[in-house]
Amino acid sequence: MVAFKVTTVKSTPFDDQKPGTSGLRKKVKVFKQPHYLHNFVQATFSALSAEKVKGATLVVSGDGRYFSEEAIQIIIKMSAANGVRRVWVGQNGLLSTPAVSAVIRERTGHDGSKATGSFILTASHNPGGPTEDFGIKYNMENGGPAPESVTDKIFENTKTIQEYLIAEDIPDVDISTVAVTSFSGPEGQFDVDVFDSATDYLKLMKSIFDFQSIKQLLANPKFSFCYDALHGVGGAYATRIFVEELGAKESSLLNCVPKEDFGGGHPDPNLTYAKELVARMGLSKTSSPGEPPEFGAASDGDADRNMILGKRFFVTPSDSVAIIAANAVQAIPYFSGGLKGVARSMPTSAALDVVANHLNLKFFEVPTGWKFFGNLMDAGLCSVCGEESFGTGSDHIREKDGIWAVLAWLSIIAYKNKDNSGDKLVTVEDIVVDHWAKFGRHYYTRYDYENVDAGAAKELMAHLVKLQSSLDEVNNIVKGIRSDVSKVVNADEFEYKDPVDGSISKHQGIRYLFEDGSRLVFRLSGTGSEGATIRLYIEQYEKDASKTGRDSQDALAPLVEVALKFSKMQEFTGRNAPTVIT
Ligand code: VG1
Ligand code: CO
């Protein structure tokens, strides 16, 4: 057993280590500065209670992006020096964000140990590579992202840090082979346990879904399937789950080899960046030849997001969570006892609200970011939740879960086709259109203005807040732009009081609410690494079943025009079009 001693290294604070919506995300060159990662890791250890560090078991892994391996070796050495007892690493450093959550909650080590936290190394849907992004976040004992009380403490610590601890004589551990390597330090033994990335997660999925019925669906000649991991960590699960367990063809997997630069792409599962899948599903101008598959899905770099597509058909994430909630009890064994409640983030459309109302379920509206769902789930108040940003999940873990969402949709399709002996499949589109007929449709779109000047973005937000002080003035402006848009009846900044711990989160997005249920929401992103990203969310409810079949951009055109003009988007940002439209 290699022995190690602990070195104290002097350092000075960096002033830019404030965690955002989901961890600290920066360009790789920022993370590579001497002491930069070390400071953040030490600041995190100092923010945790002693028993979550001394003698504890931590999971350290991520989406495999560039700089991950180096970061893992650094965190191993710092964990040893801080008195951590064991570090668990997914083989090759790979674990999807949902799998980390599952491992914290479900895995038991060879010696009976359980993990109490995790460093997840990912910048999620942001591109990777030497000139792109890296990221790190800490997850707690419940498997969910650290709450604001902890991330605030981490940030405070980064502003005053003077030194960190590291065990420099621990050699780099081989993380490509499943094995336990032990070291001996001043406080006793320290182990690095490299384990298979998929086993625990697969076991959990099998306990939730009826794999047999999904297998039958995949074998049904009327059905066809396609999954794109965008070269993210989802690829480490896709072959095991979809091919080996469920019998999908190898050829139904796209970009399922995880790459440290995601093949040069943007690992973001939306209609703009998941180009290959979108073409294969018959949804782009340059669609692939041949008949598209009946079902297509993609996940992001860390595989917590999902995009669900039918043949030539896009399912908005806001509809997706509503449809999953509406069908969960019948289609997914895990929910057969009923749903405890449902929740969505504020900018997500109200499609879920209508389902909750119909099923008489508890309902919660929380700020953007998965960390807000965790408290509700821990308190047994919520079973299914989602965000408009391609995030869907349930209380099986405390993160959103891309592959879970795919399995949920496959379960629903299997359920809808259970007694279908005809020659036509009940398709994704059929399921969505039926849902609209029953519950009405929430036309929805999101405009993202990426990497705009941070000062200009702030001014635009300030302008929108100032306007809110007079609804009469707002309505005058709105009427002047379009007379066919309904009246603004409420305008505010979203503020959330957590019903479980009473904590308050302010300034969570600027809302304009219209008399007919339409909404405009403006927010600044908290996940970018450069400049500012403005998000504009536009929604309109149509209850009349005969009017739910319109093109969403057409249906929303009047509201979009109002939003862009009264926010003075072009004046402030200099942009005449968004970077991404969803
Ligand atoms: C975005 C999304 C938000 C999501 C977050 C993390 O945040 O809007 O809904 O929870 O990303 O997702 P923001 O602050 O940029 O709007 V992930 O897959 O990047 O962990
Ligand atoms: Co992600």
Starting from the Kirkwood radius over alpha-carbon pairs of the stretch 441-581, derive D by Stokes-Einstein at 20 °C in a medium of 1.002 mPa s and give it in µm² s⁻¹. 134
Calculate the FRET efficiency for residue 430 and residue 471 from the Cβ-Cβ distance with a Förster distance of 41 Å, rounded to the nearest 0.05. 0.45
If a paramagnetic tag sat 7 Å from the Cα of residue 11 along the Cα-Cβ line, which residues of the stretch 131-154 would have the backbone N under 18 Å from that point? 134-139, 151-154
What size of dipole, in debye to the nearest 20, comes out for the stretch 201-439 about its Cα centre when the only charges are +1 on Lys and Arg C-beta atoms and -1 on Asp and Glu C-beta atoms? 360
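Suppose only helical runs count, i.e. DSSP H with n ≥ 4. What mean residue ellipticity at 222 nm does that imply for the chain under -39500 (n - 2.57) per run, divided by all residues and rounded to the nearest 500 deg cm²/dmol?
Value at 222 nm, helices only, nearest 500: -9500 deg cm²/dmol.
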Using r as the Cβ-Cβ distance of residue 487 and residue 419, and R0 as 45 Å, what FRET efficiency do you calculate, to the nearest 0.05? 0.40
Farthest positive-ward along the stretch 486-582 dipole, Cα basis, beta-carbon charges - from 517, 489, 533: 533
Farthest positive-ward along the chain dipole, Cα basis, beta-carbon charges - from 556, 288, 426: 556
Can you give me the % of accessible surface on the chain that is carbon or sulfur? Probe 1.4 Å, all protein chains present, nothing else counted. 48
Could you report the chain's accessible area per residue, 1.4 Å probe, as an integer in Å²? 38
At 0.36 nm per residue, minus the direct Cα-Cα distance, what do residue 50 and residue 557 gain on full extension? Give it in nm, one decimal, please. 177.0 nm
Acute angle (nearest 10 degrees) that the helix 317-331 long axis makes with the longest principal axis of the chain, alpha-carbon atoms: 80
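Defining a contact as two alpha carbons under 8 Å apart and six or more residues distant in sequence, what relative contact order in percent does the chain show?
After rounding, I find 13 percent.
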Set the Förster distance to 35 Å, then compute FRET efficiency between residue 500 and residue 459 from the Cβ-Cβ distance, nearest 0.05. 0.45
Can you tell me the dipole magnitude for the chain around its Cα centre, using point charges on the Cβ only (Lys, Arg +1; Asp, Glu -1), in Debye to the nearest 20? 440
Any chance you could check the Cα centroid distance between the stretch 8-39 and the stretch 167-193 for me, in angstrom? 24
Let me spell out the model: positive unit charges on the Cβ of Lys and Arg, negative unit charges on the Cβ of Asp and Glu, origin at the Cα centre of the stretch 51-210. What dipole size does that give, in debye rounded to 20? 420
Figure the gain on full extension for residue 544 and residue 178 (residue separation times 0.36 nm, minus the Cα-Cα span) and round it to one decimal in nm. 126.0 nm
What is the gain in length, in nm to one decimal, between residue 568 and residue 288 on full extension, counting 0.36 nm per residue of separation less the C-alpha to C-alpha distance? 96.9 nm
Shape of the chain from its Cα gyration tensor (a ≥ b ≥ c, root eigenvalues): rounded if a/c is under 1.5, otherwise prolate when a/b > b/c, or oblate? oblate
Given Cβ charges of +1 for Lys and Arg and -1 for Asp and Glu, the option among 256, 377, 413 whose Cα lies farthest towards the positive end of the dipole of the stretch 201-439 is 413
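The values are calculated or read from the model by the stated rules, or taken from the named source; none is laboratory data. Remember, it's a predicted structure, so these values are computed and weren't measured experimentally. Cβ atoms come from the backbone with ideal geometry, glycine included; neighbour counts cover every protein chain shown. Ligands, DNA and RNA are excluded from the accessible area calculation, which covers all protein heavy atoms including side chains. Shrake-Rupley method; radii C 1.70, N 1.55, O 1.52, S 1.80 Å.
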